[in-house]
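**Q** Take a look at this one; I'll ask things after.
The values are calculated or read from the model by the stated rules, or taken from the named source; none is laboratory data. All values derive from a computational prediction rather than experimental measurement. Positions of Cβ are backbone-derived with ideal geometry, glycine not excepted, and every protein chain shown enters the neighbour counts. We work out accessible area using only protein heavy atoms, side chains counted, and drop any ligands, DNA or RNA first. Shrake-Rupley method; radii C 1.70, N 1.55, O 1.52, S 1.80 Å.
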Amino acid sequence: YEGRDYSYRHINERANQVARWLIERGIGTEDVVAVLLARSPELVVTALGIAKSGATYLPVDPDYPADRIGAILADAAPKLVLREPITDLDGYSAGNPTNTDRVRPLRPHNLAYVIYTSGSTGTPKGVALPHAPVAEYLSWFGRDYQEDGRETVLQVASTSFDASIEEIFGTLGNGARLVIPRRGGLRDVGYLTDLLVRENITAMHLVPSLLGLFLSLPGVSQWRTLRRIPIGGEALPGEL
């Protein structure tokens, strides 16, 4: 992120500290924690920390209109809302928390996260996913798409979209490398082209409309490191 590198060890230890911070406050299995953070290393650490605590991760794009954010929070009724990164973590153990540490045991059937639909066909609805199918999907994705330590994935999806779960948990869970663009960077083609080349990005997930836009832009011919572009979320026009 912005020229700063984070090792798996560092991310894991900070996430463990976040988990213990949450546990100390009585946050545990089936408790929803809403996170209003932009794409950043702090978002990754927070998301992983929530999972480690056993709580349920509810990502909410901070750039959403205030009324939509309010409606999501009112409907989900989270036990905790995080609008800023958690700080002052140095006093917490960096060891992996277990069910002995957690407020309540974490089992495969417990909720992993809640994602709200786009609302294109009515009021946005919260879709709740337990750990078991999420883990199964990410494991399948890693095998089927051969995602491993050779892969470098650009985090593209809004934090409120399901694809962001794959970008964060799938990338790290399969041993790949995650590159986080600066805020607003996805709208700057010059910056994006430089980032793809400089960081040797091999994969980025796109909706068809965004892919179509990128393919029409000058400089896209320089995106030669890309070898995989998973697409979804919209109809795929034949010409694209």
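**Q** If I go through region 132-155 residue by residue, how many of them are open to solvent by 50 Å² or more (accessible area, probe 1.4 Å), part of a loop (DSSP other than H, G, I, E, B) and on the phi < 0 side of the Ramachandran plot?
**A** 3
**Q** Consider ASP75 carefully, then state whether it is open to solvent by 20 Å² or more (accessible area, probe 1.4 Å), closer than 19 Å to VAL33 by Cβ, of a type outside the set (Gly, Ala, Ser) and not in a strand (DSSP E or B).
**A** Numbers: open to solvent by 20 Å² or more (accessible area, probe 1.4 Å): yes; closer than 19 Å to VAL33 by Cβ: yes; of a type outside the set (Gly, Ala, Ser): yes; not in a strand (DSSP E or B): yes.
So ASP75 fits the description; yes.
**Q** Let me ask you something else. Taking region 1-23, which residues are assigned to a helix (DSSP H, G or I) and touching a residue at least 60 places away in the same chain (Cβ under 8 Å)?
**A** Step one: list which residues in region 1-23 are assigned to a helix (DSSP H, G or I), which gives 8-23.
Those that are assigned to a helix (DSSP H, G or I) and touching a residue at least 60 places away in the same chain (Cβ under 8 Å): TYR8, ILE11, ASN12, GLU13, ARG14, ASN16, GLN17, VAL18, ALA19, ARG20, TRP21, ILE23.
**Q** Give just the number: which of (1) within 21 Å of the chain's Cα centre (by Cα); (2) modelled with pLDDT of 95 or more; (3) among the small types (Gly, Ala, Ser) does SER118 not satisfy?
**A** The single condition SER118 does not satisfy is (2).
**Q** Another question, then. Which residue pairs have Cβ atoms closer than 6 Å, lie 6 or more positions apart in sequence or on different chains, and pair a first residue in region 198-220 that is at pLDDT 90 or above with a second residue that is part of a strand (DSSP E or B) and of a type in the set (Lys, Arg)?
**A** Once the first residue is at pLDDT 90 or above and sits in region 198-220, its partners that are part of a strand (DSSP E or B) and of a type in the set (Lys, Arg) give ALA203/ARG228.
**Q** Condition test on VAL197, is it assigned to a helix (DSSP H, G or I) and surrounded by fewer than 20 Cβ atoms within 10 Å (Cβ to Cβ)?
**A** On the way: assigned to a helix (DSSP H, G or I): yes; surrounded by fewer than 20 Cβ atoms within 10 Å (Cβ to Cβ): yes.
When the stated conditions are applied, VAL197 passes them.
**Q** May I pose another question? Select from region 218-233 the residues that are farther than 17 Å from LEU154 by Cα and surrounded by 13 or more Cβ atoms within 10 Å (Cβ to Cβ) and list them in ascending order. Let's see the steps before the verdict.
**A** Restricting attention to region 218-233, the residues satisfying the condition of being farther than 17 Å from LEU154 by Cα are 218-219, 221, 233.
GLY219, GLY233 - these are the residues of region 218-233 that are farther than 17 Å from LEU154 by Cα and surrounded by 13 or more Cβ atoms within 10 Å (Cβ to Cβ).
**Q** Which pairs turn up if I take residues in region 160-186 that are within 16 Å of ASN12 (Cα to Cα) and look for partners that are crowded, with 18+ Cβ neighbours inside 10 Å and among the β-branched types (Val, Ile, Thr) with beta carbon separation below 6 Å, at least 6 apart in sequence or on another chain?
**A** ILE168/VAL44; THR171/VAL153; ALA176/VAL153; ARG177/THR152; LEU178/VAL153; LEU178/THR171
**Q** Continuing with the same structure: Only one of these is within 22 Å of TYR8 (Cβ to Cβ) and either aromatic (Phe, Trp, Tyr) or open to solvent by less than 60 Å² (accessible area, probe 1.4 Å) (or both): LEU82, LEU129, LEU89, LEU58. Name it.
**A** Numbers: LEU82 fails: within 22 Å of TYR8 (Cβ to Cβ); LEU129 fails: within 22 Å of TYR8 (Cβ to Cβ); LEU58 fails: within 22 Å of TYR8 (Cβ to Cβ).
Just one listed residue meets the conditions, LEU89.
**Q** Quick check, is SER158 modelled with pLDDT under 90 and open to solvent by less than 30 Å² (accessible area, probe 1.4 Å)? Before you say what the answer is, go through the steps one by one.
**A** Values: modelled with pLDDT under 90: yes; open to solvent by less than 30 Å² (accessible area, probe 1.4 Å): yes.
Taking the combined requirement at face value, the residue satisfies it.
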